[in-house]
Amino acid sequence: MAMEAALRTVPEAVTRPAPTTEASPPVKPQPAPPVAVVRGSRLARWLRLHRGQLRAVALGLVSLALFITVWQVLTVNRATFYVRFTNVPSPADVLARAFLAFHNPIFGDHIWMSCRRILYGFALASAVAIPLGLLMGRFRILREIVFPICEVTRPIPAIAWVPMAIMLWPTNEESIVFITFLGSFFPILINTLQGMATVDPVLVRAARCLGAREAALFREVYLPASLPQIFTGLTVGMGVAWVSLIAAEMISGQFGIGYFTWEAYSLVQYSDIALGMITIGVLGLASSLAIRLVGRLAMPWGAAC
(Lines give C-alpha, C1' and ligand atoms only; values in the text may rest on other atoms or scores of the structure.)
Protein backbone atom coordinates (compact mmCIF):
# COMPACT_ATOMS: atom_id res chain seq x y z
CA MET A 1 0.00 0.00 0.00
CA ALA A 2 2.83 2.41 0.85
CA MET A 3 4.46 1.67 -2.50
CA GLU A 4 1.24 2.41 -4.37
CA ALA A 5 0.82 5.71 -2.46
CA ALA A 6 4.38 6.78 -3.32
CA LEU A 7 3.86 6.01 -6.97
CA ARG A 8 0.68 8.09 -7.00
CA THR A 9 2.61 11.14 -5.68
CA VAL A 10 5.17 11.07 -8.53
CA PRO A 11 4.34 13.88 -10.99
CA GLU A 12 2.79 12.90 -14.20
CA ALA A 13 5.54 14.69 -16.15
CA VAL A 14 8.13 12.39 -14.61
CA THR A 15 6.30 9.14 -15.26
CA ARG A 16 5.25 10.16 -18.76
CA PRO A 17 7.72 8.88 -21.37
CA ALA A 18 9.67 11.51 -23.22
CA PRO A 19 8.33 12.24 -26.66
CA THR A 20 10.36 10.89 -29.48
CA THR A 21 11.83 13.50 -31.81
CA GLU A 22 12.71 12.90 -35.38
CA ALA A 23 16.44 12.87 -36.04
CA SER A 24 17.49 16.05 -37.85
CA PRO A 25 19.64 15.59 -40.91
CA PRO A 26 23.35 16.31 -40.36
CA VAL A 27 24.45 19.86 -41.27
CA LYS A 28 26.93 19.81 -44.06
CA PRO A 29 29.89 22.19 -43.49
CA GLN A 30 29.94 25.09 -45.90
CA PRO A 31 33.07 25.32 -47.97
CA ALA A 32 35.31 28.32 -47.20
CA PRO A 33 35.29 31.06 -49.81
CA PRO A 34 38.27 31.05 -52.13
CA VAL A 35 41.28 33.11 -51.12
CA ALA A 36 40.88 35.26 -54.22
CA VAL A 37 37.32 36.19 -53.21
CA VAL A 38 38.42 37.14 -49.68
CA ARG A 39 41.27 39.25 -51.00
CA GLY A 40 38.97 40.87 -53.54
CA SER A 41 36.44 41.83 -50.86
CA ARG A 42 39.19 43.30 -48.67
CA LEU A 43 40.55 45.29 -51.59
CA ALA A 44 37.08 46.58 -52.44
CA ARG A 45 36.49 47.61 -48.83
CA TRP A 46 39.88 49.39 -48.67
CA LEU A 47 39.13 51.24 -51.91
CA ARG A 48 35.73 52.27 -50.61
CA LEU A 49 37.17 53.59 -47.33
CA HIS A 50 40.00 55.53 -49.02
CA ARG A 51 38.06 56.70 -52.04
CA GLY A 52 38.42 60.39 -51.20
CA GLN A 53 42.17 60.17 -50.61
CA LEU A 54 42.75 58.22 -53.81
CA ARG A 55 40.74 60.76 -55.78
CA ALA A 56 42.81 63.60 -54.32
CA VAL A 57 46.06 61.81 -55.23
CA ALA A 58 44.82 61.11 -58.75
CA LEU A 59 43.76 64.72 -59.29
CA GLY A 60 47.09 65.93 -57.94
CA LEU A 61 49.02 63.70 -60.34
CA VAL A 62 46.88 64.86 -63.26
CA SER A 63 47.42 68.53 -62.38
CA LEU A 64 51.18 68.00 -62.09
CA ALA A 65 51.23 66.24 -65.45
CA LEU A 66 49.32 69.12 -67.05
CA PHE A 67 51.68 71.65 -65.47
CA ILE A 68 54.75 69.84 -66.79
CA THR A 69 53.14 69.52 -70.22
CA VAL A 70 52.40 73.24 -70.44
CA TRP A 71 55.92 73.99 -69.20
CA GLN A 72 57.40 71.74 -71.89
CA VAL A 73 55.31 73.30 -74.68
CA LEU A 74 56.11 76.88 -73.68
CA THR A 75 59.85 76.32 -73.29
CA VAL A 76 60.33 74.21 -76.44
CA ASN A 77 58.49 76.76 -78.58
CA ARG A 78 60.29 79.69 -76.87
CA ALA A 79 56.96 81.37 -76.28
CA THR A 80 57.00 85.10 -75.67
CA PHE A 81 53.91 86.74 -74.27
CA TYR A 82 54.13 89.35 -71.58
CA VAL A 83 56.23 86.67 -69.82
CA ARG A 84 59.28 85.42 -71.75
CA PHE A 85 60.19 81.74 -71.88
CA THR A 86 63.19 82.12 -74.14
CA ASN A 87 65.78 81.34 -71.45
CA VAL A 88 63.67 79.10 -69.23
CA PRO A 89 64.96 75.48 -69.31
CA SER A 90 62.60 72.74 -70.37
CA PRO A 91 61.60 69.86 -68.06
CA ALA A 92 63.80 67.52 -70.09
CA ASP A 93 66.83 69.77 -69.52
CA VAL A 94 66.12 69.97 -65.79
CA LEU A 95 65.70 66.21 -65.57
CA ALA A 96 69.02 65.63 -67.35
CA ARG A 97 70.73 68.10 -65.02
CA ALA A 98 69.10 66.46 -61.96
CA PHE A 99 70.47 63.07 -63.03
CA LEU A 100 73.98 64.51 -63.07
CA ALA A 101 73.53 66.50 -59.84
CA PHE A 102 72.33 63.55 -57.79
CA HIS A 103 75.46 61.66 -58.77
CA ASN A 104 77.56 64.56 -57.51
CA PRO A 105 78.24 64.46 -53.74
CA ILE A 106 78.42 68.27 -53.58
CA PHE A 107 74.72 68.58 -54.39
CA GLY A 108 73.96 66.11 -51.61
CA ASP A 109 76.02 68.24 -49.23
CA HIS A 110 73.93 71.29 -50.13
CA ILE A 111 70.71 69.41 -49.36
CA TRP A 112 72.11 68.05 -46.09
CA MET A 113 73.21 71.49 -44.89
CA SER A 114 69.81 73.02 -45.59
CA CYS A 115 67.97 70.16 -43.88
CA ARG A 116 70.23 70.39 -40.84
CA ARG A 117 69.68 74.14 -40.53
CA ILE A 118 65.94 73.70 -40.85
CA LEU A 119 65.97 70.99 -38.19
CA TYR A 120 67.92 73.10 -35.72
CA GLY A 121 66.00 76.33 -36.27
CA PHE A 122 62.57 74.73 -36.37
CA ALA A 123 63.22 72.56 -33.31
CA LEU A 124 64.41 75.57 -31.29
CA ALA A 125 61.43 77.63 -32.41
CA SER A 126 58.99 74.87 -31.45
CA ALA A 127 60.68 74.33 -28.07
CA VAL A 128 60.37 78.04 -27.25
CA ALA A 129 57.15 79.12 -28.98
CA ILE A 130 54.82 76.34 -27.80
CA PRO A 131 55.50 76.64 -24.02
CA LEU A 132 55.60 80.44 -24.30
CA GLY A 133 52.29 80.49 -26.15
CA LEU A 134 50.67 78.22 -23.57
CA LEU A 135 51.89 80.40 -20.71
CA MET A 136 50.87 83.62 -22.47
CA GLY A 137 47.43 82.20 -23.12
CA ARG A 138 47.05 81.15 -19.48
CA PHE A 139 48.49 84.19 -17.70
CA ARG A 140 47.31 87.59 -18.87
CA ILE A 141 50.13 89.55 -17.27
CA LEU A 142 52.72 87.58 -19.26
CA ARG A 143 50.76 88.11 -22.47
CA GLU A 144 50.55 91.83 -21.88
CA ILE A 145 54.33 92.01 -21.42
CA VAL A 146 55.50 89.77 -24.28
CA PHE A 147 52.84 90.22 -26.96
CA PRO A 148 53.69 93.85 -27.91
CA ILE A 149 57.33 92.91 -28.48
CA CYS A 150 56.27 90.01 -30.70
CA GLU A 151 53.91 92.18 -32.70
CA VAL A 152 56.64 94.75 -33.37
CA THR A 153 59.25 92.22 -34.49
CA ARG A 154 56.92 89.84 -36.35
CA PRO A 155 56.44 91.95 -39.54
CA ILE A 156 60.20 92.33 -40.08
CA PRO A 157 61.13 90.09 -43.07
CA ALA A 158 63.89 87.53 -42.87
CA ILE A 159 66.09 89.40 -45.35
CA ALA A 160 66.08 92.47 -43.11
CA TRP A 161 67.37 90.32 -40.25
CA VAL A 162 70.43 89.10 -42.19
CA PRO A 163 72.76 92.06 -41.42
CA MET A 164 71.71 92.11 -37.77
CA ALA A 165 72.14 88.34 -37.46
CA ILE A 166 75.65 88.55 -38.91
CA MET A 167 76.54 91.14 -36.27
CA LEU A 168 74.90 89.20 -33.45
CA TRP A 169 76.35 85.74 -34.04
CA PRO A 170 80.04 84.84 -34.47
CA THR A 171 79.60 82.54 -37.50
CA ASN A 172 77.42 82.51 -40.61
CA GLU A 173 76.06 79.10 -39.65
CA GLU A 174 74.64 80.38 -36.38
CA SER A 175 73.21 83.48 -38.04
CA ILE A 176 71.40 81.37 -40.66
CA VAL A 177 69.94 79.09 -37.97
CA PHE A 178 68.84 82.20 -36.06
CA ILE A 179 67.00 83.57 -39.11
CA THR A 180 65.35 80.18 -39.62
CA PHE A 181 64.34 80.24 -35.96
CA LEU A 182 62.71 83.65 -36.37
CA GLY A 183 60.84 82.58 -39.49
CA SER A 184 59.13 79.66 -37.76
CA PHE A 185 58.83 81.15 -34.26
CA PHE A 186 56.05 83.67 -34.84
CA PRO A 187 53.55 81.43 -36.71
CA ILE A 188 53.89 78.76 -34.02
CA LEU A 189 53.47 81.31 -31.22
CA ILE A 190 50.42 83.03 -32.73
CA ASN A 191 48.64 79.75 -33.47
CA THR A 192 49.37 78.45 -29.97
CA LEU A 193 47.83 81.61 -28.53
CA GLN A 194 44.80 81.11 -30.75
CA GLY A 195 44.49 77.53 -29.54
CA MET A 196 44.57 78.66 -25.91
CA ALA A 197 41.85 81.21 -26.64
CA THR A 198 39.53 78.50 -27.98
CA VAL A 199 39.77 76.21 -24.91
CA ASP A 200 36.30 75.60 -23.48
CA PRO A 201 36.15 77.15 -19.97
CA VAL A 202 33.68 74.44 -18.95
CA LEU A 203 36.46 71.87 -19.28
CA VAL A 204 38.72 73.99 -17.09
CA ARG A 205 36.09 74.36 -14.38
CA ALA A 206 35.31 70.63 -14.50
CA ALA A 207 38.99 69.78 -14.09
CA ARG A 208 39.28 72.16 -11.14
CA CYS A 209 36.25 70.62 -9.50
CA LEU A 210 37.91 67.23 -9.81
CA GLY A 211 40.97 68.54 -7.97
CA ALA A 212 43.32 69.20 -10.90
CA ARG A 213 46.23 71.50 -10.14
CA GLU A 214 47.88 73.93 -12.55
CA ALA A 215 50.31 71.40 -14.02
CA ALA A 216 47.52 68.88 -14.53
CA LEU A 217 45.40 71.56 -16.23
CA PHE A 218 48.14 72.24 -18.76
CA ARG A 219 48.74 68.54 -19.33
CA GLU A 220 45.16 67.28 -19.44
CA VAL A 221 43.11 70.26 -20.67
CA TYR A 222 45.01 73.14 -22.25
CA LEU A 223 47.54 71.21 -24.31
CA PRO A 224 45.14 68.60 -25.83
CA ALA A 225 42.58 71.30 -26.63
CA SER A 226 45.22 73.49 -28.31
CA LEU A 227 46.91 70.73 -30.31
CA PRO A 228 44.98 71.32 -33.59
CA GLN A 229 46.00 74.98 -33.68
CA ILE A 230 49.53 74.14 -32.56
CA PHE A 231 50.03 71.73 -35.45
CA THR A 232 48.56 74.28 -37.83
CA GLY A 233 51.18 76.72 -36.58
CA LEU A 234 53.89 74.09 -36.99
CA THR A 235 52.88 73.49 -40.61
CA VAL A 236 52.79 77.20 -41.42
CA GLY A 237 56.00 77.78 -39.49
CA MET A 238 57.80 75.10 -41.48
CA GLY A 239 56.91 76.82 -44.74
CA VAL A 240 58.06 80.21 -43.46
CA ALA A 241 61.23 78.60 -42.10
CA TRP A 242 62.15 77.37 -45.59
CA VAL A 243 61.53 80.84 -47.04
CA SER A 244 63.72 82.42 -44.38
CA LEU A 245 66.44 79.80 -44.78
CA ILE A 246 66.69 80.20 -48.55
CA ALA A 247 66.88 83.98 -48.24
CA ALA A 248 69.64 83.71 -45.64
CA GLU A 249 71.59 81.15 -47.67
CA MET A 250 71.42 83.28 -50.79
CA ILE A 251 72.89 86.28 -49.00
CA SER A 252 75.35 84.94 -46.46
CA GLY A 253 75.61 81.19 -46.93
CA GLN A 254 78.40 79.14 -48.43
CA PHE A 255 76.51 75.86 -48.55
CA GLY A 256 72.86 74.95 -48.83
CA ILE A 257 70.25 74.63 -51.53
CA GLY A 258 69.62 78.38 -51.46
CA TYR A 259 73.30 79.07 -52.06
CA PHE A 260 73.26 76.45 -54.85
CA THR A 261 70.36 78.22 -56.57
CA TRP A 262 71.92 81.68 -56.27
CA GLU A 263 75.28 80.42 -57.49
CA ALA A 264 73.57 78.87 -60.52
CA TYR A 265 72.04 82.27 -61.32
CA SER A 266 75.45 83.93 -60.99
CA LEU A 267 77.00 81.36 -63.34
CA VAL A 268 74.07 81.59 -65.81
CA GLN A 269 73.22 77.90 -65.37
CA TYR A 270 69.48 78.03 -65.93
CA SER A 271 68.85 74.33 -65.47
CA ASP A 272 70.45 74.42 -62.03
CA ILE A 273 68.20 77.34 -61.05
CA ALA A 274 65.09 75.31 -61.85
CA LEU A 275 66.59 72.25 -60.17
CA GLY A 276 67.26 74.21 -56.99
CA MET A 277 63.72 75.62 -56.95
CA ILE A 278 62.16 72.18 -57.46
CA THR A 279 64.38 70.72 -54.74
CA ILE A 280 63.26 73.44 -52.32
CA GLY A 281 59.62 72.68 -53.12
CA VAL A 282 60.05 68.94 -52.65
CA LEU A 283 61.90 69.38 -49.34
CA GLY A 284 59.23 71.77 -48.08
CA LEU A 285 56.47 69.36 -49.10
CA ALA A 286 58.20 66.46 -47.34
CA SER A 287 58.62 68.55 -44.18
CA SER A 288 54.94 69.53 -44.13
CA LEU A 289 53.83 65.94 -44.71
CA ALA A 290 56.03 64.79 -41.82
CA ILE A 291 54.41 67.35 -39.50
CA ARG A 292 50.92 66.25 -40.58
CA LEU A 293 51.84 62.63 -39.93
CA VAL A 294 53.06 63.48 -36.44
CA GLY A 295 49.85 65.44 -35.91
CA ARG A 296 47.74 62.41 -36.78
CA LEU A 297 49.72 60.28 -34.37
CA ALA A 298 49.43 62.89 -31.60
CA MET A 299 45.71 63.51 -32.25
CA PRO A 300 44.11 60.15 -33.12
CA TRP A 301 40.67 61.62 -32.46
CA GLY A 302 41.16 63.96 -35.44
CA ALA A 303 42.68 61.42 -37.84
CA ALA A 304 39.38 60.96 -39.66
CA CYS A 305 38.96 64.68 -40.27
- Query: Quick check, is G137 part of a helix (DSSP H, G or I), of a type outside the set (A, V, I, L, M), open to solvent by less than 80 Å² (accessible area, probe 1.4 Å) and farther than 22 Å from V199 by Cβ?
  - Reply: no
- Task: Taking the options R48, R97, name whichever one is closer than 19 Å to V282 by Cβ, open to solvent by 80 Å² or more (accessible area, probe 1.4 Å), of a type in the set (D, E, K, R) and assigned to a helix (DSSP H, G or I).
- Result: R97
- Residue check, R208 of a type in the set (D, E, K, R) and either more than 16 Å from L134 (Cβ to Cβ) or surrounded by 13 or more Cβ atoms within 10 Å (Cβ to Cβ) (or both): yes
- Would you pick out the residues in the stretch 154-175 that are over 27 Å from the mean Cα position of the chain (by Cα) and surrounded by fewer than 14 Cβ atoms within 10 Å (Cβ to Cβ)? A160, P163, M164, M167, L168, P170, T171
- The helices (runs of 4 or more DSSP H) lying wholly within the stretch 207-305 that contain at least 2 residues that are over 12 Å from the mean Cα position of the chain (by Cα) and either among the basic types (K, R) or over 30 Å from I166 (Cα atoms) (or both) are 214-217, 223-252
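The values are calculated or read from the model by the stated rules, or taken from the named source; none is laboratory data. These numbers were taken from a predicted model, which means no experiment stands behind them. So basically every Cβ, Gly included, is an ideal-geometry build from the backbone, and we count neighbours across all protein chains shown. The area values use the complete protein model at the heavy-atom level, side chains included, leaving out ligands, DNA and RNA. Shrake-Rupley method; radii C 1.70, N 1.55, O 1.52, S 1.80 Å.
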